[in-house]
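The values are calculated or read from the model by the stated rules, or taken from the named source; none is laboratory data. What you are looking at is a predicted structure, and each value in this text was computed from that prediction instead of being measured. Every residue, glycine among them, receives a Cβ derived from its backbone with ideal geometry; neighbour counts consider all protein chains shown.
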Amino acid sequence: MNIFYEYEITSHPAAEFTHVVYFCSESGECSLNQVPTGQVKVLTDILNERGLQGWELVQLSFGKEGVMAFWKRRVTPKD
């Protein structure tokens, strides 16, 4: 049985994450630091909302403009 996926990329402006600090050390270890509870809730809400729609998070990418999320979900192929 073949499994098929569809993919989607969403962007979330930096204004939604006014206090998120994403930090990568010289060794390449990356983490979120000094994140207020309210900001964690913003990200949690995005993840839960998409999860309820059947989407699975593949990756988050943080940048100065905001956060880009890469999602996938199973689909039934159309004959």
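Under the condition of being surrounded by fewer than 13 Cβ atoms within 10 Å (Cβ to Cβ) and either within 9 Å of the chain's Cα centre (by Cα) or not in a loop (DSSP other than H, G, I, E, B) (or both), the residues counted in region 36-49 number 7.
Within region 50-79, restricting attention to residues that are of a type in the set (Val, Ile, Thr) and closer than 24 Å to Met1 by Cα, which residue is surrounded by the most Cβ atoms within 10 Å (Cβ to Cβ)? Let's see the steps before the verdict.
Initial filter on region 50-79 (of a type in the set (Val, Ile, Thr)): 58, 67, 75-76.
This time we only want the ones that are closer than 24 Å to Met1 by Cα, so: 58, 75-76.
Working: Val58: 13, Val75: 11, Thr76: 6.
This residue is Val58.
Any chance region 14-35 includes a residue that's modelled with pLDDT of 85 or more, exposed (fewer than 11 other Cβ atoms within 10 Å of the Cβ) and not acidic (Asp, Glu)? No, that holds for no residue.
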